[in-house]
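Colleague: This structure is in structure tokens; I'll ask about it shortly.
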Amino acid sequence: MSHHLVAAEGLRYRYPDGTPALAGVSFRIVHGESVALVGASGAGKSTLLLLLAGSLLPQEGRVLIGDFPVTPSTLPAVRRSVGLVFQDPDDQLFCPTVADDVAFGPRNLGVPEEAVAERVRTALAKVGAEALAKRPPHRLSAGEKRRAALATVLSMDPGVLVLDEPSSGLDPRGRRQLIAILTAFTHTKVVATHDLELALETCARTIVLSKGTVRADGPTAELMRDDALLEEAGLERPASLRRCPACGEGA
Amino acid sequence: MSRVGEALAGLDALELRASADGSAQALDARAKVGVTLLFTVAVASFPAGAVSPLLPFVAFPAALAAAGRVPFREVARRLLLALPFVLLVALPAPFLDRTPLPGALPGVTAGWATFVSVLLRFALTASAALALVATTGLIGVAAALGALGVPRPLVTQVVLLSRSLSVLGAEAERMERARDLRSSGRRGRELKRAGSFLGTLLLRSWERAERIHRALLARGFTGSFPAPRPGRMGGREALFVLGWCGAFVLFRLADVPSLLGRLLVGGLG
């Protein structure tokens, strides 16, 4: 068994106001896989991520993290192994300084104080944010906030990293740094994104969601060339896989 | 910057001072919170019309603010903001209590003494609280309260409140800006629109709070904030606590200004 395994079996979820979000989603992600979750807005990506992290509980079907189904009694173990990075870093950063925020998770896990300091250093170093340690999070730039938010999750040493739209609001350099950080993370990753270039660079496998169901599941490079599929899912072929408009080469 | 934004930045500026270098900032939060609480009790314990015995208490907020390099102007501005509410409480006194004060100028009644006393107490306690926040930070104050035995749920409330203020403020600032940009010259602040503005703000902050709560849960939050590194209660803290407690007892038991006055008059005579 591996606690890095993530599986969904017949997941269904409907919001309290009746809006259906997921209508029977199944997949299995094994240790070390990087999976992009793509689909138009409203396809159910964010809901699926919240279900994977145990922030929502499925109304039908189940989520497996390692060999545990996600239930109220397994939630503490699930939260230990799944690190969820929210779409808006402002939702995630809560403490007076970045260092306090990065220490928040490990302290909740009961990690001794000396080890917490070490984890904070390592996590900030991983995202290149050592210099931000003493800054108040709400005064950072979008790129800095994103890196800080990532560090708050990395410090918990999760086996599975789950990210919601990690490149939204980033400038090209910030996005480039993010891709480098994501590539360096070798555990299991699930990345929900509209940024198909990012998906192409960081994830070998892609799951296409459409209207709350899995429309396709396969190698990213292959799915991103399937124009009919992308069109149907409200997406379009990434620029790097198109013919060059100037010379007509590529693709 | 919008008005909400300005208020928010002001609040932030006060908090930011807590992470600056200063001898008051370096003191353990528990010592500062404890002494401020005692100060408040001492100031509140005087009889209704006390004025001159209260004056020496100015020393504590003044010293704390000075040691924390908190500018007098910043404290005074915030006192002015709260002044209307205090005036509302204090103003009836001169009309209700018209007993003449023995030995005072004609027209100065016990009611006026109460009025001045209430204002003075407000200025003393509020400036002490502001100096405390500016040298310790709200989170530091909350942690100290927890360490001093205040129940965890209350401490968690203070921490969440301090963070929610900035979250709510930022939300309001964005909405205010969006509204101002589309109110084509008119201020757009009519009363009838205030209702829907506040309603939307409530709903938006509610959703925001839900997302923040989820993010907290995802990082193992179990309902109370983990106690931060315990500070050190050393010699400086002992000196701070004992020194000020001694001073408060002296100020409370002896009427220092009249003693000084008598000394001065006696010396001259």
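Colleague: Of all residues being more than 30 Å from A:PRO172 (Cβ to Cβ) and β-branched (Val, Ile, Thr) in segment A:94-145, which is most open to solvent (accessible area, probe 1.4 Å)? Just the residue, please.
Modeller: A:VAL111
Colleague: Looking at segment A:226-241 only, could you name the residues that are surrounded by fewer than 13 Cβ atoms within 10 Å (Cβ to Cβ) and part of a loop (DSSP other than H, G, I, E, B)?
Modeller: A:GLU236
Colleague: Here's a follow-up. Look at A:ARG135 and say whether it is out of contact with any strand residue (DSSP E or B) (no Cβ under 7 Å at 6 or more places or on another chain), more than 9 Å from chain B (Cβ to nearest Cβ), without any contact (Cβ under 8 Å) to a residue 24 or more places away in the chain and of a type in the set (D, E, K, R).
Modeller: Answer is no for this residue.
Colleague: Further, regarding this structure: Being of a type in the set (A, V, I, L, M, F, W, C) and open to solvent by less than 40 Å² (accessible area, probe 1.4 Å) is the requirement here; does B:VAL41 meet it?
Modeller: Numbers: of a type in the set (A, V, I, L, M, F, W, C): yes; open to solvent by less than 40 Å² (accessible area, probe 1.4 Å): no.
Against the criterion (of a type in the set (A, V, I, L, M, F, W, C) and open to solvent by less than 40 Å² (accessible area, probe 1.4 Å)), B:VAL41 does not qualify.
Colleague: Given the structure, is A:GLU118 acidic (Asp, Glu) and within 29 Å of A:THR97 (Cβ to Cβ)?
Modeller: Values: acidic (Asp, Glu): yes; within 29 Å of A:THR97 (Cβ to Cβ): yes.
For A:GLU118, the condition - acidic (Asp, Glu) and within 29 Å of A:THR97 (Cβ to Cβ) - is met.
Colleague: Here is a follow-up. Name the one entry in A:SER26, A:SER41 that is farther than 19 Å from A:THR202 by Cα, open to solvent by 70 Å² or more (accessible area, probe 1.4 Å), more than 14 Å from chain B (Cβ to nearest Cβ) and not charged (D, E, K, R).
Modeller: Values: A:SER26 fails: open to solvent by 70 Å² or more (accessible area, probe 1.4 Å).
Answer to the selection: A:SER41.
Colleague: From the list B:LEU120, B:LEU145, B:LEU132, which one is part of a helix (DSSP H, G or I), modelled with pLDDT of 80 or more and more than 21 Å from B:ASP28 (Cβ to Cβ)?
Modeller: Working: B:LEU145 fails: more than 21 Å from B:ASP28 (Cβ to Cβ); B:LEU132 fails: more than 21 Å from B:ASP28 (Cβ to Cβ).
Answer to the selection: B:LEU120.
Colleague: Out of all the residues in segment B:134-164, which are farther than 20 Å from B:THR222 by Cβ and open to solvent by 40 Å² or more (accessible area, probe 1.4 Å)? Show your work before the answer.
Modeller: Here is the first cut: in segment B:134-164, the residues farther than 20 Å from B:THR222 by Cβ are B:134-138, B:140-141, B:144, B:148-149.
The answer is B:LEU138, B:LEU148, B:GLY149.
Colleague: Take A:SER155 and decide whether it is crowded, with 20+ Cβ neighbours inside 10 Å, under 30 Å from A:ALA117 (Cα atoms) and out of contact with any Ser or Thr (no Cβ under 6 Å at 6 or more places or on another chain).
Modeller: Working: crowded, with 20+ Cβ neighbours inside 10 Å: yes; under 30 Å from A:ALA117 (Cα atoms): yes; out of contact with any Ser or Thr (no Cβ under 6 Å at 6 or more places or on another chain): yes.
Answer is yes for this residue.
Colleague: While we're here: Report whether or not A:THR220 is polar (S, T, N, Q), under 15 Å from the mean Cα position of the chain (by Cα) and open to solvent by less than 50 Å² (accessible area, probe 1.4 Å). So that I can check it myself, show each step before the final result.
Modeller: Numbers: polar (S, T, N, Q): yes; under 15 Å from the mean Cα position of the chain (by Cα): no; open to solvent by less than 50 Å² (accessible area, probe 1.4 Å): yes.
Spelling it out, it is not the case that A:THR220 is polar (S, T, N, Q), under 15 Å from the mean Cα position of the chain (by Cα) and open to solvent by less than 50 Å² (accessible area, probe 1.4 Å).
Colleague: Which numbered condition trips up A:ALA192, out of (1) open to solvent by less than 20 Å² (accessible area, probe 1.4 Å); (2) within 14 Å of chain B (Cβ to nearest Cβ)?
Modeller: Just one mismatch for A:ALA192, condition (2).
Colleague: Just name the residue that is most open to solvent (accessible area, probe 1.4 Å) out of those in segment B:107-133 that are without any contact (Cβ under 8 Å) to a residue 24 or more places away in the chain and either in contact with a strand residue (DSSP E or B) (Cβ under 8 Å, 6 or more places away or on another chain) or among the polar types (S, T, N, Q) (or both). Break it down into steps so the answer makes sense when it comes.
Modeller: Initial filter on segment B:107-133 (without any contact (Cβ under 8 Å) to a residue 24 or more places away in the chain): B:107-109, B:111-112.
Add one more test, that the residue is either in contact with a strand residue (DSSP E or B) (Cβ under 8 Å, 6 or more places away or on another chain) or among the polar types (S, T, N, Q) (or both), and what stays is B:108-109.
On the way: B:VAL108: 59, B:THR109: 20 Å².
Among residues in segment B:107-133 that are without any contact (Cβ under 8 Å) to a residue 24 or more places away in the chain and either in contact with a strand residue (DSSP E or B) (Cβ under 8 Å, 6 or more places away or on another chain) or among the polar types (S, T, N, Q) (or both), the one most open to solvent (accessible area, probe 1.4 Å) is B:VAL108.
Colleague: Look at A:ARG176 and say whether it is touching a strand residue (DSSP E or B) at 6+ places or on another chain (Cβ under 7 Å) and open to solvent by 30 Å² or more (accessible area, probe 1.4 Å). Full working, then the answer.
Modeller: Values: touching a strand residue (DSSP E or B) at 6+ places or on another chain (Cβ under 7 Å): no; open to solvent by 30 Å² or more (accessible area, probe 1.4 Å): yes.
Criteria not met by A:ARG176.
Colleague: In segment A:50-69, how many residues are open to solvent by less than 10 Å² (accessible area, probe 1.4 Å) and more than 10 Å from chain B (Cβ to nearest Cβ)? It would help to see each step written out before you state the result.
Modeller: So in segment A:50-69, the residues open to solvent by less than 10 Å² (accessible area, probe 1.4 Å) come out as A:51-54, A:63, A:65-66.
From what's left, more than 10 Å from chain B (Cβ to nearest Cβ): A:51-52, A:63, A:65-66.
Residues that pass the stated criteria total 5.
Colleague: Please specify each residue of segment A:138-173 satisfying the condition of being in contact with a strand residue (DSSP E or B) (Cβ under 6 Å, 6 or more places away or on another chain) and among the β-branched types (Val, Ile, Thr).
Modeller: A:VAL153, A:VAL160, A:VAL162
Colleague: Among the residues that make up segment A:71-92, is at least one of them assigned to a loop (DSSP other than H, G, I, E, B), more than 10 Å from every other protein chain (Cβ to nearest Cβ), open to solvent by 10 Å² or more (accessible area, probe 1.4 Å) and farther than 23 Å from A:THR193 by Cβ? I'd like the intermediate steps shown before the answer.
Modeller: Kept after step one, since they are assigned to a loop (DSSP other than H, G, I, E, B), are these residues of segment A:71-92: A:71, A:86-88.
Among the residues that remain, those that are also more than 10 Å from every other protein chain (Cβ to nearest Cβ) are: A:71.
Okay, now just the ones that are also open to solvent by 10 Å² or more (accessible area, probe 1.4 Å), so A:71.
Within this subset, residues satisfying the condition of being farther than 23 Å from A:THR193 by Cβ are A:71.
Yes: segment A:71-92 contains one or more residues that are assigned to a loop (DSSP other than H, G, I, E, B), more than 10 Å from every other protein chain (Cβ to nearest Cβ), open to solvent by 10 Å² or more (accessible area, probe 1.4 Å) and farther than 23 Å from A:THR193 by Cβ.
Colleague: Within segment A:192-213, work out how many residues are in a strand (DSSP E or B) and under 23 Å from A:SER168 (Cα atoms).
Modeller: Our first condition is that a residue be in a strand (DSSP E or B); within segment A:192-213, this holds for A:192, A:205-210, A:213.
Add one more test, that the residue is under 23 Å from A:SER168 (Cα atoms), and what stays is A:192, A:205-210.
Count: 7.
Colleague: Which numbered condition trips up A:VAL35, out of (1) within 14 Å of chain B (Cβ to nearest Cβ); (2) closer than 30 Å to A:ARG237 by Cα?
Modeller: Against the list (1) within 14 Å of chain B (Cβ to nearest Cβ); (2) closer than 30 Å to A:ARG237 by Cα, A:VAL35 comes up short only on (1).
Colleague: Here's another thing I want to ask about it. Please specify each residue of segment B:160-175 satisfying the condition of being more than 12 Å from chain A (Cβ to nearest Cβ) and under 15 Å from B:LEU202 (Cβ atoms).
Modeller: B:LEU168, B:ALA172, B:MET175
Colleague: Please go through segment A:176-193 and give me each residue that is at pLDDT below 90 and either touching a Phe, Trp or Tyr at 6+ places or on another chain (Cβ under 8 Å) or of a type outside the set (A, V, I, L, M, F, W, C) (or both), ordered by number.
Modeller: Listed by number, the residues that qualify are A:GLN177, A:THR186, A:HIS187.
Colleague: Looking only at segment A:10-65, how many residues end up being assigned to a strand (DSSP E or B) and either in contact with a Lys or Arg (Cβ under 7 Å, 6 or more places away or on another chain) or not β-branched (Val, Ile, Thr) (or both)?
Modeller: Of the residues in segment A:10-65, the ones assigned to a strand (DSSP E or B) are A:10-14, A:20-29, A:34-38, A:60-65.
Now drop any that are not either in contact with a Lys or Arg (Cβ under 7 Å, 6 or more places away or on another chain) or not β-branched (Val, Ile, Thr) (or both), which leaves A:10-14, A:20-24, A:26-28, A:34-37, A:60-62, A:64.
Total satisfying the criteria: 21.
Colleague: Would it be correct to say that B:ARG211 is within 14 Å of chain A (Cβ to nearest Cβ) and either open to solvent by 90 Å² or more (accessible area, probe 1.4 Å) or of a type in the set (D, E, K, R) (or both)? Full working, then the answer.
Modeller: Working: within 14 Å of chain A (Cβ to nearest Cβ): yes; either open to solvent by 90 Å² or more (accessible area, probe 1.4 Å) or of a type in the set (D, E, K, R) (or both): yes.
Yes: the conditions hold for B:ARG211.
Colleague: Pick from segment A:39-60 the residues that are more than 22 Å from A:PRO158 (Cβ to Cβ) and touching a strand residue (DSSP E or B) at 6+ places or on another chain (Cβ under 6 Å): which of them is modelled with the lowest pLDDT? Outline the logic, then answer.
Modeller: Taking segment A:39-60 and keeping what is more than 22 Å from A:PRO158 (Cβ to Cβ), we get A:39-44, A:59-60.
Narrowing further to those that are touching a strand residue (DSSP E or B) at 6+ places or on another chain (Cβ under 6 Å): A:39, A:43-44, A:59-60.
Numbers: A:GLY39: 90, A:ALA43: 87, A:GLY44: 90, A:GLN59: 92, A:GLU60: 93.
In this case the residue turns out to be A:ALA43.
Colleague: If you don't mind, another one. Would a scan of segment A:154-163 turn up a residue that is touching a Lys or Arg at 6+ places or on another chain (Cβ under 6 Å) and either on the phi > 0 side of the Ramachandran plot or not in a loop (DSSP other than H, G, I, E, B) (or both)? Break it down into steps so the answer makes sense when it comes.
Modeller: Going through segment A:154-163, the residues touching a Lys or Arg at 6+ places or on another chain (Cβ under 6 Å) turn out to be A:154-155, A:161.
In the following step, the residues that additionally are either on the phi > 0 side of the Ramachandran plot or not in a loop (DSSP other than H, G, I, E, B) (or both) were identified as A:154, A:161.
Yes; the residues of segment A:154-163 include at least one that is touching a Lys or Arg at 6+ places or on another chain (Cβ under 6 Å) and either on the phi > 0 side of the Ramachandran plot or not in a loop (DSSP other than H, G, I, E, B) (or both).
The values are calculated or read from the model by the stated rules, or taken from the named source; none is laboratory data. Here the structure is a predicted model, which means the values were calculated and not measured. Here Cβ is always computed from backbone atoms with ideal geometry, including for glycine, and neighbour counts include all displayed protein chains. All accessible areas refer to the heavy atoms of the entire protein, side chains included, with ligands and DNA or RNA removed. Shrake-Rupley method; radii C 1.70, N 1.55, O 1.52, S 1.80 Å.
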